[in-house]
Amino acid sequence: MANMALQASDVASRRATPLWDRLRLSRGWLGFWFMLPAAAILVLFLGYPLLKGIWLSFTNAKIGRTGEWIGFEHYQWLWEDDVFWLSVFNTLLYTGVASVVKFGIGLYLALLLNKHIPFKSLIRSIVLIPFVVPTVLSAIAFWWIFDSQFSIVSWSLRQMGVIDRNIDFLGDANNARACVIFANIWRGIPFIAITLLAGLQTVSPSLYEAAVIDGASPWQIFHKITLPLLTPIIAVVMTFSVLFTFTDFQLIWAMTRGGPVNATHLMATLSYQRGILSGSLGEGAAIATAMVPFLLAAIGISWFGLQRRAWQHGGSDG
């Protein structure tokens with residue numbers, strides 16, 4: 001009875017306290033104030049440009065001219081534009097192949113670096129080098145590596161007698177696609193490897209010891225312990241990987257500028273070419289806006305993947 005009386009008096013006191021005071025004294029209110037500056041920055045530097053770009057896509061704005069409302073005219077024109085659909089194909093191919101390969105190699109490196117091997121710290125530092133080097137410098141280096149006249153790859157193969165003339169890496173459509181994908185893979189592997197390695201180091205060694213005692217094979221240990229516990233980290237890292245790859249601009253523009261014959265144009269580079277270089281801000285904004293559904297789909301996949309965090313605590317997937 002005493003407890004019930006205390007609870008009743010507590011409820012009565014809460015009702016007597018003004019709502020503003022309850023919010024001001026709560027921990028949630030404190031968290032709101034800490035989060036407010038970051039939210040303001042996101043709205044100012046991300047939300048406003050996004051809405052501005054969507055609005056521009058419905059106008060015939062040019063550089064130096066405000067433009068007038070034209071509705072879906074740009075989108076109707078893009079629907080019939082072969083170059084735009086080629087850039088969509090290139091973007092999906094570039095993102096899909098690069099992301100899958102980066103994940104496979106990155107996961108392998110993470111599992112390898114998680115073991116007790118000699119010079120592990122030095123190897124970790126070396127693995128980070130591609131990610132630390134500025135993107136433009138990486139692109140210029142690959143541009144020289146795949147140059148039609150001075151390529152070190154062609155020179156080496158000629159010295160070994162494998163080929164009798166230089167390979168046209170960046171002048172052939174399929175070769176150029178393969179080259180830019182290879183460059184993106186080389187640059188993106190460290191991010192995935194180091195992030196997954198950090199996730200692996202949070203797994204309790206006692207789980208592996210118990211599995212070994214029970215006679216589990218390496219594949220069973222990976223499939224039943226490592227992979228389920230690593231799933232939330234995989235969801236996050238793959239989402240960022242897909243977003244970074246899908247919106248890649250610097251690497252492509254520095255290596256090929258979308259050539260040859262638009263074979264390596266991504267939606268980001270095509271948007272820049274049409275919107276900035278050609279001066280048609282409305283058309284460039286329409287191409288950039290067309291990227292939004294793909295990015296939202298990637299975020300949605302990440303959200304559903306994050307729901308599996310309960311695995312880390314022995315709960316259900318729900």
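The values are calculated or read from the model by the stated rules, or taken from the named source; none is laboratory data. Please read these numbers as outputs of a predicted model, since none were measured by experiment. Neighbour counts are summed over all protein chains in view; Cβ atoms, including those assigned to glycine, are modelled from backbone coordinates with ideal geometry.
Only residues that are surrounded by 24 or more Cβ atoms within 10 Å (Cβ to Cβ) and assigned to a loop (DSSP other than H, G, I, E, B) were counted in region 259-287, giving 3. Look at (1) of a type in the set (D, E, K, R); (2) over 25 Å from Ile167 (Cβ atoms); (3) in contact with a Gly (Cβ under 8 Å, 6 or more places away or on another chain) and you find that Lys102 fails only one, number (2). Only one entry in Thr95, Thr91, Thr59 is polar (S, T, N, Q), surrounded by 14 or more Cβ atoms within 10 Å (Cβ to Cβ) and in contact with a strand residue (DSSP E or B) (Cβ under 8 Å, 6 or more places away or on another chain), namely Thr59.
Only one of the numbered conditions (1) in contact (Cβ under 8 Å) with a residue 40 or more places away in the chain; (2) loosely packed, with under 12 Cβ neighbours inside 10 Å; (3) among the acidic types (Asp, Glu) is not met by Asp172, and that is (2). Within region 100-113, the presence of at least one residue that is closer than 28 Å to Phe240 by Cβ and of a type in the set (D, E, K, R) is confirmed. Listed by position, the helices (runs of 4 or more DSSP H) contained in region 57-148 that have at least 2 residues being assigned by TED's automatic domain parsing to the domain that holds Glu283, touching a residue at least 60 places away in the same chain (Cβ under 8 Å) and closer than 28 Å to Val236 by Cβ are 82-113, 120-132, 135-145. Exactly one residue out of Phe32, Phe45 is outside the structural domain of Ala285 (by TED's automatic domain parsing), of a type in the set (A, V, I, L, M, F, W, C) and at pLDDT 85 or above, and it is Phe45. For region 209-224, state whether one or more residues are touching a Lys or Arg at 6+ places or on another chain (Cβ under 9 Å) and under 30 Å from Ala290 (Cα atoms). No - not one qualifying residue is present in region 209-224. If you go through region 214-258 and keep only what is out of contact with any helix residue (DSSP H, G or I) (no Cβ under 7 Å at 6 or more places or on another chain), touching a residue at least 12 places away in the same chain (Cβ under 8 Å) and not in a helix (DSSP H, G or I), you end up with just Arg257.
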